[in-house]
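Taking it in order: structure first as structure tokens, then the write-up.
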Amino acid sequence: MKNLQNKNRRPSASFVVGSVALVFLIIGYQAALFIHKASVLRIVANHDHPDTVFVRDPSPSDAVLDVSPADSSFESSPFRLPSGKVVRSEYAHSDEAVKVRRAASQRKYENFKFNPNTATVDDLMRLGFSLKQAESIDSYRKKGGRFRRPSDFARSYVVEDSVFRRLEPFIDIPRLNINTADSAAFETLPGIGKFFASKMVSYREELGGYSYPEQLMDIWHFDQEKFDGLKDLVVAGPSEYEPFGLWSLDEKALARHPYIDRYAAHAIVIFRENTPRSEWSVQELVRAGVIDEAVGERLSRCVLASP
């Protein structure tokens with residue numbers, strides 16, 4: 001009889017309240033998980049498929065507003081540019097949103113040309129690096145690290161051999177243009193300190209611009225060994241200097257060039273005055289004994305103005 005009464009006894013109020021609270025707690029937890037997942041998906045989707053298309057007009061003063069009530073398409077909207085060109089522009093997101101997107105996005109390995117010195121964390125992740133690896137590379141750069149050659153990138157501890165072999169054909173590290181670089185840029189080259197960086201700039205002024213990288217070896221104590229250590233990193237690219245006026249400058253201006261002394265400058269002027277213009281060439285200067293073969297070989301490689 002006593003056992004029958006215990007079976008018919010109803011649960012206590014505290015038990016019911018606790019059970020209901022537990023059910024709501026479970027529902028709330030599941031809802032929070034759902035909302036979190038939805039928020040993460042939304043952040044990722046907003047980056048890959050933005051709701052808004054931003055239009056950048058490089059010349060706002062030339063923009064023409066074209067409002068046509070009869071046509072509601074984008075092509076006739078007030079945001080239409082004269083050229084009709086629409087360009088997506090990334091909107092600045094918070095750091096928290098960027099971290100969420102990077103952590104949640106699926107890693108898709110891609111191959112494309114990149115400069116390991118300037119590639120963004122997102123670019124590095126697209127290339128197959130994890131977020132932690134990409135941030136490690138970025139941290140190295142922010143501390144002043146630089147990849148001069150693809151082999152430097154291969155030596156990074158986060159770059160596996162198999163990954164480097166896949167990416168090596170796509171590594172694109174621009175060479176330093178010795179005609180536009182300043183002293184600070186020259187100092188980034190191996191074996192170049194403040195002294196040589198300063199000399200490289202001043203000698204460029206004397207030459208009126210480098211015509212070929214080997215001219216660096218004209219600098220005092222800049223030997224073949226030092227040049228070999230950086231020759232694959234530099235190029236004598238476009239410059240703001242005019243081609244050397246070998247056939248037009250006066251005697252004093254010619255003598256300021258490192259390859260021409262005052263005696264050769266005087267002889268060049270006499271040669272120009274007594275030789276038909278059709279015969280003006282560096283080879284003829286050598287043949288006439290105005291300059292020796294060594295100077296002629298160096299001048300022939302220089303960028304010269306036409307006779």
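Laboratory data are not the source of any read-out in this text; all were calculated from the coordinates shown. Everything numeric in this text was worked out from a predicted model, so none of it was measured. Cβ placement follows ideal geometry from the backbone for every residue including glycine, while neighbour counts extend to all protein chains displayed.
General observations
- Estimated FRET transfer efficiency when R0 is 22 angstrom, pair Y109-K132 (beta carbons, to 0.05): 0.85
- Shape class for the stretch 136-227: prolate, because the ratio a/c of the largest to smallest gyration tensor axis (alpha-carbon atoms, square roots of eigenvalues) is 1.5 or more and a/b beats b/c.
- Cross-link pairs exceeding 24 Å between alpha carbons, from the set K231/K252; K37/K108; K143/K226; K143/K194; K194/K231: K231/K252; K143/K226.
- Cα gyration tensor category, rounded, prolate or oblate, for the stretch 186-307 with a/c compared to 1.5: prolate
- Amide H partners (placed H, <5 Å) of G128, local residues excluded: E110
- The stretch 135-244: trypsin sites (Lys or Arg not before Pro) in DSSP coil with no more than 11 other Cβ atoms inside 10 Å: K143, R146, R155
- Rounded, prolate or oblate (a/c below 1.5 giving rounded, otherwise prolate when a/b exceeds b/c) for the stretch 236-307 by Cα gyration tensor: rounded
- Loop GluC sites (Glu not before Pro), the stretch 195-251 (other Cβ atoms within 10 Å of the site Cβ: 16 or fewer; DSSP): E240
- Where trypsin sites (Lys or Arg not before Pro) fall in DSSP loop in the stretch 268-301, at most 15 other Cβ within 10 Å: R301
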